[in-house]
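Asker: My questions all concern the structure below.
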Amino acid sequence: MISPALLRKYFFPWLKKIGDLARAAGKPFMYHTDGVLYDIMEDIIACGVDALHPIEPKAMELAEVKRRYGDRLCLIGHVDVDMLARGTREQVRDQVRKNIAEAWTGTGYCAGSGNSIPEYVNFDNYMAMLDAVREFGGG
């Protein structure tokens, strides 16, 4: 919706200031943004972002993001909110299992939703996601 040039001119200088503050305080900097981010991912990293949420399932493939940026960013999310709302427990478990297989290399991935958890998410599916993280996450 906003061109990379405009983001670089008006937004990323401010994001970098936040990243600098986080770094000075010794705190990790997690950034939430949606969409296809490949054209601006290097800019996001240059601003000091340590972790990126949500790796939106309908926008980017988790394995590709992990391959390209996983050595510099912790990736968070990638379980579709619609699946959490209307899918089955088994679909949720399968997605968590797939995500962990694609992105967990001992570090750098936190399984979770592809956005916030709205009130309409099926509670049993949410619990299935948490249970699957414990089961397949090795931790």
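Asker: Looking only at the stretch 104-124, filter to residues that are among the hydrophobic types (A, V, I, L, M, F, W, C) and modelled with pLDDT under 95; which one of those is surrounded by the fewest Cβ atoms within 10 Å (Cβ to Cβ)?
Answerer: First, the residues of the stretch 104-124 that are among the hydrophobic types (A, V, I, L, M, F, W, C): 104, 110-111, 117, 121, 123.
Narrowing further to those that are modelled with pLDDT under 95: 104, 110-111, 117.
On the way: Trp104: 19, Cys110: 18, Ala111: 23, Ile117: 13.
So the residue we want is Ile117.
Asker: Name the residues in the stretch 45-74 that are touching a Lys or Arg at 6+ places or on another chain (Cβ under 6 Å) and on the phi < 0 side of the Ramachandran plot, would you?
Answerer: Filtering the stretch 45-74 down to residues touching a Lys or Arg at 6+ places or on another chain (Cβ under 6 Å) leaves 45, 47-48.
Passing the criteria: Ile45, Cys47.
Asker: Of everything in the stretch 45-59 that's buried (at least 20 other Cβ atoms within 10 Å of the Cβ), modelled with pLDDT of 95 or more and among the aliphatic types (A, V, I, L, M), which residue is farthest from the chain's Cα centre (by Cα)?
Answerer: It comes out as Val49.
Asker: Can you spot a residue in the stretch 125-134 that is under 19 Å from Ile40 (Cα atoms), surrounded by fewer than 19 Cβ atoms within 10 Å (Cβ to Cβ) and not charged (D, E, K, R)?
Answerer: From the stretch 125-134, those under 19 Å from Ile40 (Cα atoms) are none; that's our starting set.
Within the stretch 125-134, not a single residue is under 19 Å from Ile40 (Cα atoms), surrounded by fewer than 19 Cβ atoms within 10 Å (Cβ to Cβ) and not charged (D, E, K, R).
Asker: Something else now. Let me confirm something: among Arg68, Arg86, Arg97, which residue is in contact with a helix residue (DSSP H, G or I) (Cβ under 9 Å, 6 or more places away or on another chain), at pLDDT 95 or above, closer than 20 Å to His32 by Cα and surrounded by 13 or more Cβ atoms within 10 Å (Cβ to Cβ)? Don't jump to the end; show me each part of the working.
Answerer: On the way: Arg86 fails: closer than 20 Å to His32 by Cα; Arg97 fails: closer than 20 Å to His32 by Cα.
Checking each option against the conditions leaves just Arg68.
Asker: Which residues, taken from the stretch 53-100, are outside any loop (DSSP other than H, G, I, E, B), of a type in the set (A, V, I, L, M, F, W, C) and closer than 28 Å to Lys9 by Cβ? Before you say what the answer is, go through the steps one by one.
Answerer: Step one: filter the stretch 53-100 for residues outside any loop (DSSP other than H, G, I, E, B), giving 53, 62-69, 74-76, 79, 81-86, 89-100.
Filter again for of a type in the set (A, V, I, L, M, F, W, C), leaving 62-63, 65, 74-76, 79, 81, 83-85, 92, 96, 100.
Residues satisfying the conditions are Val65, Cys74, Leu75, Ile76.
Asker: Go through the stretch 13-25 and report how many residues are surrounded by 10 or more Cβ atoms within 10 Å (Cβ to Cβ), out of contact with any Pro (no Cβ under 8 Å at 6 or more places or on another chain) and small (Gly, Ala, Ser). Before you say what the answer is, go through the steps one by one.
Answerer: First, pick out the residues of the stretch 13-25 that are surrounded by 10 or more Cβ atoms within 10 Å (Cβ to Cβ): 13-23.
Checking the rest, the ones that are also out of contact with any Pro (no Cβ under 8 Å at 6 or more places or on another chain) come to 13-21, 23.
Going one step further and asking which of them are small (Gly, Ala, Ser), we end up with 19.
Selection size over the stretch 13-25: 1.
Asker: Run down Gly35, Gly77, Gly108 and say which single residue is touching a Lys or Arg at 6+ places or on another chain (Cβ under 9 Å), touching a residue at least 24 places away in the same chain (Cβ under 8 Å) and of a type outside the set (D, E, K, R).
Answerer: On the way: Gly35 fails: touching a Lys or Arg at 6+ places or on another chain (Cβ under 9 Å); Gly77 fails: touching a Lys or Arg at 6+ places or on another chain (Cβ under 9 Å).
Only one candidate passes the filter, namely Gly108.
Asker: For the stretch 6-52, enumerate the residues that are part of a loop (DSSP other than H, G, I, E, B), under 15 Å from Asp71 (Cα atoms) and among the hydrophobic types (A, V, I, L, M, F, W, C).
Answerer: Once the filter is applied, which keeps residues that are part of a loop (DSSP other than H, G, I, E, B), under 15 Å from Asp71 (Cα atoms) and among the hydrophobic types (A, V, I, L, M, F, W, C), the stretch 6-52 yields only Val49.
Asker: If you don't mind, there's one more thing I want to ask. Out of the residues in the stretch 66-108 that are among the hydrophobic types (A, V, I, L, M, F, W, C) and under 21 Å from Glu42 (Cα atoms), state the one that is nearest to the chain's Cα centre (by Cα). If you could, list the steps in order and put the result at the bottom.
Answerer: Residues of the stretch 66-108 among the hydrophobic types (A, V, I, L, M, F, W, C): 73-76, 79, 81, 83-85, 92, 96, 100-101, 103-104.
Right, trim to under 21 Å from Glu42 (Cα atoms) and you get 73-76, 103.
Working: Leu73: 10, Cys74: 8, Leu75: 5, Ile76: 3, Ala103: 11 Å.
Only one residue tops the list, namely Ile76.
Asker: Going by the structure shown, is Tyr10 out of contact with any Cys (no Cβ under 7 Å at 6 or more places or on another chain), surrounded by 12 or more Cβ atoms within 10 Å (Cβ to Cβ), modelled with pLDDT of 95 or more and not hydrophobic (A, V, I, L, M, F, W, C)?
Answerer: On the way: out of contact with any Cys (no Cβ under 7 Å at 6 or more places or on another chain): yes; surrounded by 12 or more Cβ atoms within 10 Å (Cβ to Cβ): no; modelled with pLDDT of 95 or more: yes; not hydrophobic (A, V, I, L, M, F, W, C): yes.
It is false that Tyr10 is out of contact with any Cys (no Cβ under 7 Å at 6 or more places or on another chain), surrounded by 12 or more Cβ atoms within 10 Å (Cβ to Cβ), modelled with pLDDT of 95 or more and not hydrophobic (A, V, I, L, M, F, W, C).
The values are calculated or read from the model by the stated rules, or taken from the named source; none is laboratory data. Keep in mind it's a predicted model, so treat the numbers as computed, not measured. Quick reminder, even Gly has a Cβ in these numbers, built from the backbone with ideal geometry, and neighbours come from all protein chains shown.
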